[in-house]
Amino acid sequence: ALPMAEERRSEVTRGSLRGHRGDVNSLDFSPSVQLLASASEDGTVRLWDTRLGRAIRCIDAFDRAAVQLVGWGAPKGALPNALWAASGKSILAFDLRSTDDVLVRAPSLVQAFPLEEDDEISALALHHQGHSLALGDDNGGLHLFDITSPADGAVALDQRAKVDAHSTVLSALAFRPQSPRDLVSTGLDCRIALWETVDMRKPAWAALMTPNSDSLSTTPSSSTQQSFNPPFVHTLDCHPEGRYFAAGLGDSSVAVYHAPSRSLCRRLQGHTAPIAHVHFARFHPELLLTAGNDCHVGMWKLPELQGAGKSGKKARRKASASGGDRGPEGPDGGDPSNPLQPNFFLPHGRRINCLASHTHSPVFFVADVEAEITFYDTARLDLAAPHADGLHSGG
């Protein structure tokens, strides 16, 4: 268990969005409007107006098959603000400007995805400039597509590259913001790889994760150390500004990397079970959210992210001119050997699948093994409060 002071819990307001009839697998916010998309085991994708707290559209175009992944396209590109969803071996795109119907049954594009018989799409990433789509599969394959608009006005996917990126399931993908050519992949082979999309023959950089020495599993009733949990890499997110990315591992730790120097900044330890999802809060430039199979959400205010966002651009230019921005040894980096406790551990009560947030409000959304989506309003939470305020990271 991860006990927490009761008075700190009262600082967070909890609510829910109801409409799905099965587990919610994936969440993603539109980059331009406050629309939240959710993908579910019930075979639908729903769009939520989070200001009103209700679903405004249900996309039922998957023949009742579970929808694993959902993602919004960029405001620009071949299909602006398109909604993309992966179900089994298929990737579908929806142009939501084309109809005012509440229920959309026919996708504007259906792309057959050539995979092995027992293979499915396991990861999805859309380029922030709107011209590329990356997909991962259960055998570790990475597929890179160009999104194009032929003369007839349709939208097509032209495969640019296919590489065997990982030796087993490719678990997550992310294009690095502010860096048009960088794509990061993670796998259950314990590897993280950074690819330059202009040359996909081999990764530009890769790291093999090793077990964290602090990640020995324990039984709930005893502190006796049992065994190492393998550091499978389950999840990945890039900071909106692009200089950092975080990976959640099976040994219950989170690795934070400084992307320009490709160096490890921190190995965050606090959860007591494998990490299910990591997410840089879009409403707070220094906040990393982590979800573990221990049914808790960790909120970490990372010192190395100070100055992120628009207000920090001048400071970063000054640091760069003086030799900064070099990762752990520069002004932007943390110390991997210096343990950092989370500012807040929030008990959720169910195993978590996904986290999401938007820039416009201090609220984050949680998808888990139930049909409802939970949201937490952190407006009253003082993230600058001391870590020792009744908070324990383990036990």
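The values are calculated or read from the model by the stated rules, or taken from the named source; none is laboratory data. What you are looking at is a predicted structure, and each value in this text was computed from that prediction instead of being measured. When we count neighbours, we look across all protein chains shown, and the Cβ atoms used for this are built from the backbone with ideal geometry, even at glycine. Surface accessibility is based on the protein's heavy atoms, side chains included, excluding ligands, DNA and RNA. Shrake-Rupley method; radii C 1.70, N 1.55, O 1.52, S 1.80 Å.
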Residue 351-residue 262 pseudo-label distance in nm [points 7 Å out on the Cα-to-Cβ vector]: 3.5
Loop trypsin sites (Lys or Arg not before Pro), region 9-76, which have at most 16 other Cβ atoms in a 10 Å radius of their Cβ (DSSP): 18, 21, 51, 64, 76
Ratio of the Cα radius of gyration of region 235-304 to 2.2 N^0.38 Å, where N counts its residues: 1.00
Residue-span extension gain [residue 156 to residue 49] - 0.36 nm each, minus C-alpha spacing: 35.6 nm
Amide hydrogen neighbours beyond the local backbone of residue 229, cut-off 5 Å, H modeled: 217
Two-site FRET efficiency, residue 202 against residue 178, from Cβ-Cβ distance with R₀ of 30 Å, rounded to 0.05: 0.80
In Å², nearest 10: area of residue 63 left accessible to a 1.4 Å probe: 150
5 angstrom amide H check on residue 276, placed H, neighbours 5+ away: 291, 292, 293
Exposure of residue 352 as accessible area (Å², to 10), given a probe of 1.4 Å and all protein chains: 0
Under-5 Å amide H pairs with residue 266, H placed in peptide plane, nonlocal only: 256
Label point at residue 164 placed 7 Å out along Cα→Cβ; residues across region 174-198 whose backbone nitrogen lies under 15 Å: 189
Exposure of residue 360 as accessible area (Å², to 10), given a probe of 1.4 Å and all protein chains: 120
Residue 34 versus residue 377: modelled label distance in nm, points set 7 Å from Cα along the beta carbon direction: 1.1
Projected label distance in nm at residue 65 and residue 146, using a 7 Å step from Cα toward the beta-carbon: 2.8
